[in-house]
Amino acid sequence: MHQGLGAELKRIAFFTLICLIFGWLNGYISWTLIIGGGLYMGWVLLQIRQLYLWVTSRRREPPPDTVGIWGEIFDNIYRMQKRHEKERRRLQGMIRRGQQTTAALRDAVVLLDANGGLNWWNQAAETLLGLQPIDQGHPLVNFVRHPSFIAYFEACDYYEPLDLPSPRNESKQLQYQINRFGKGERLVVVRDVTRVHRLEQVRKDFVANVSHELRTPLTVLRGYIETLSMSPDLNPVMNRAFEQMQQQSDRMNLLINDLLVLSNLETDDSERNQQTVPLKPLLNIIAADAMALSDDRQHNVTVNCDEDIALIGNEKELHSAFSNLAFNAVKYSKPDSDIKLTIAIDESALIFSVKDQGDGIDPIHIPRLTERFYRVDNGSRNSDAGGTGLGLAIVKHILLRHDAHLSIESKLGKGSTFSCIFPRDRYQVLKQETLEAAE
Ligand code: ADP
């Protein structure tokens, strides 16, 4: 039994005994016991009243002095109150610190409830997005009305951040990153990326300008090299020198062309020139070009594609991406081997794949193949192939502009398969009448 309760029971027993002795002495045992019990009840009621007044009092005073189990009850409640007060102050401190930290952030932090309504935001959100205290509860999409943001917000695929001009100042560029948490709540972090955006623009402009400016002098040089190399009185040494000059200037020309293609892909509006592109005729042209490139190496290029399948996109870009993959297959596989260009569809995707029986690629290189100028150093193979290291970077960019991605499977010595995977809304199965009209 609890120590305090035991002592209290002993006290009651002692008080009852005194009442019994007193009752025996005066000859009224029952009355004396009733009066004693009444007095005890009165004392208990008095303690309850004291407890009530003390607990409901607004001032935090020490408990009133009392004896027995009531003294212990008062002390325990007082200790509990003190503990709670300490914990409350600690939590308050943490909240204040959190608020100070988020207020010091330059990035806007916005908490949204499960319905997308504004729940809480920091000071930077007021500056970047113009949120005011009266906006509490309103949907965030009322303040960031850009259609791309609404589509991004509703699609709920927040793996990549979204960059958009600021809703308050068009010259500023903001990056939105959304994270889900709790029961459908969202945390939106908005960052001012104007500076990075400008630097990126400077880089793009620089590459575009340099490539463009190099073109004219190179054309002049190539012209002279070609004319001079045809001169009849060149000795063998000079002949060899002109041959090398021609090879290198051709390579430079390829590089500049690829750089220009890349910078056009970066700067052009991806929505331009979207059309329905039937794939069979396109692949037939690419197969014929690949065979011409193969020339006397005699690759066997086959096309496997239904007549009625079409992609929605930019025909020139799709041609460039697919032919880059087909030409790589020719460049990096042995003479007389098979190269298959295949289109496969299912309910969710269209896959264009180029399968070759070439040397294959070591898996360590695969994640980096689409980087600019990344080439697998494989002895003399690359120099023979004469590539620029920009082909797969171009493919990647074109696919991005068509909501698609590249997948590479390869085994050393066994060959490679490069697959372009397009989402369902990017392809169509054409009706017979459309096909006839196209012919
Ligand atoms: P390049 O102009 O060098 O061909 P790419 O960007 O097209 O540049 O390709 C990058 C590298 O990937 C190439 O240098 C080559 O080593 C490797 N590669 C590309 N396609 C194939 C392929 N079908 N088989 C083997 N290696 C390949």
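Between residues in region 150-177 that are over 15 Å from Leu128 (Cβ atoms) and residues that are β-branched (Val, Ile, Thr) and surrounded by 15 or more Cβ atoms within 10 Å (Cβ to Cβ), which pairs lie under 9 Å by C-beta distance while being six or more apart or on different chains?
From region 150-177, the pairs are Ile150/Val144; Tyr152/Ile178; Phe153/Val144; Phe153/Ile178; Phe153/Val188; Cys156/Ile178; Tyr158/Ile178.
Go through the residues of region 268-275 one by one and say whether even a single one is of a type in the set (Lys, Arg), touching a residue at least 12 places away in the same chain (Cβ under 8 Å), surrounded by fewer than 14 Cβ atoms within 10 Å (Cβ to Cβ) and away from the ligand (no atom under 16 Å from the Cβ). Walk me through how you get there before you give the answer.
So the first thing to find is which residues in region 268-275 are of a type in the set (Lys, Arg), and the list is 272.
In the following step, the residues that additionally are touching a residue at least 12 places away in the same chain (Cβ under 8 Å) were identified as 272.
The next check asks that each one be surrounded by fewer than 14 Cβ atoms within 10 Å (Cβ to Cβ); those that pass are 272.
Those left that are additionally away from the ligand (no atom under 16 Å from the Cβ): 272.
Within region 268-275, one or more residues are of a type in the set (Lys, Arg), touching a residue at least 12 places away in the same chain (Cβ under 8 Å), surrounded by fewer than 14 Cβ atoms within 10 Å (Cβ to Cβ) and away from the ligand (no atom under 16 Å from the Cβ).
Output the residues belonging to region 220-239 that are under 26 Å from Arg375 (Cβ atoms) and either out of contact with any Asp or Glu (no Cβ under 8 Å at 6 or more places or on another chain) or exposed (fewer than 11 other Cβ atoms within 10 Å of the Cβ) (or both). Explain how you work it out, then say what you get.
At the first step, the residues of region 220-239 found to be under 26 Å from Arg375 (Cβ atoms) are 221-222, 225.
Of everything in region 220-239, those that are under 26 Å from Arg375 (Cβ atoms) and either out of contact with any Asp or Glu (no Cβ under 8 Å at 6 or more places or on another chain) or exposed (fewer than 11 other Cβ atoms within 10 Å of the Cβ) (or both) turn out to be Leu221, Ile225.
Can you pull out every residue in region 116-137 that is open to solvent by 80 Å² or more (accessible area, probe 1.4 Å) and either in contact (Cβ under 8 Å) with a residue 60 or more places away in the chain or among the hydroxyl-bearing types (Ser, Thr, Tyr) (or both)?
Thr127
Show me the helices (runs of 4 or more DSSP H) found entirely inside region 307-419 where at least 1 residues are open to solvent by less than 10 Å² (accessible area, probe 1.4 Å), touching a residue at least 24 places away in the same chain (Cβ under 8 Å) and within 8 Å of the ligand (Cβ to nearest atom).
315-331, 391-401
Determine if region 172-194 includes at least one residue that is open to solvent by 80 Å² or more (accessible area, probe 1.4 Å) and either touching a helix residue (DSSP H, G or I) at 6+ places or on another chain (Cβ under 7 Å) or of a type in the set (Phe, Trp, Tyr) (or both).
Yes, there is a match, as at least one residue in region 172-194 is open to solvent by 80 Å² or more (accessible area, probe 1.4 Å) and either touching a helix residue (DSSP H, G or I) at 6+ places or on another chain (Cβ under 7 Å) or of a type in the set (Phe, Trp, Tyr) (or both).
Identify all residues within region 48-87 that are in contact with a Gly (Cβ under 8 Å, 6 or more places away or on another chain) and open to solvent by 70 Å² or more (accessible area, probe 1.4 Å); write none if there are none.
Once the filter is applied, which keeps residues that are in contact with a Gly (Cβ under 8 Å, 6 or more places away or on another chain) and open to solvent by 70 Å² or more (accessible area, probe 1.4 Å), region 48-87 yields Asp65, Glu72.
Restricting to region 276-306, and then to whatever is farther than 19 Å from Ser353 by Cβ and either of a type in the set (S, T, N, Q) or part of a strand (DSSP E or B) (or both), can you tell me which residue is least open to solvent (accessible area, probe 1.4 Å)?
Thr276
Looking for something over 30 Å from Arg79 (Cβ atoms), assigned to a helix (DSSP H, G or I) and of a type in the set (Phe, Trp, Tyr) - is there at least one such residue anywhere in region 1-21?
Taking every residue of region 1-21 in turn, none turns out to be over 30 Å from Arg79 (Cβ atoms), assigned to a helix (DSSP H, G or I) and of a type in the set (Phe, Trp, Tyr).
Taking the stated definitions as given, is Leu140 surrounded by 14 or more Cβ atoms within 10 Å (Cβ to Cβ), under 13 Å from Val189 (Cα atoms), over 19 Å from the mean Cα position of the chain (by Cα) and of a type outside the set (D, E, K, R)?
yes
The values are calculated or read from the model by the stated rules, or taken from the named source; none is laboratory data. Note that the structure is a prediction, hence the values are computed from the model and not measured. Note that we place each Cβ from the backbone using ideal geometry, even for glycine, and neighbour counts take in every protein chain shown. To get the accessible areas, we keep the full protein, side chains included, count just its heavy atoms, and leave off ligands, DNA and RNA. Shrake-Rupley method; radii C 1.70, N 1.55, O 1.52, S 1.80 Å.
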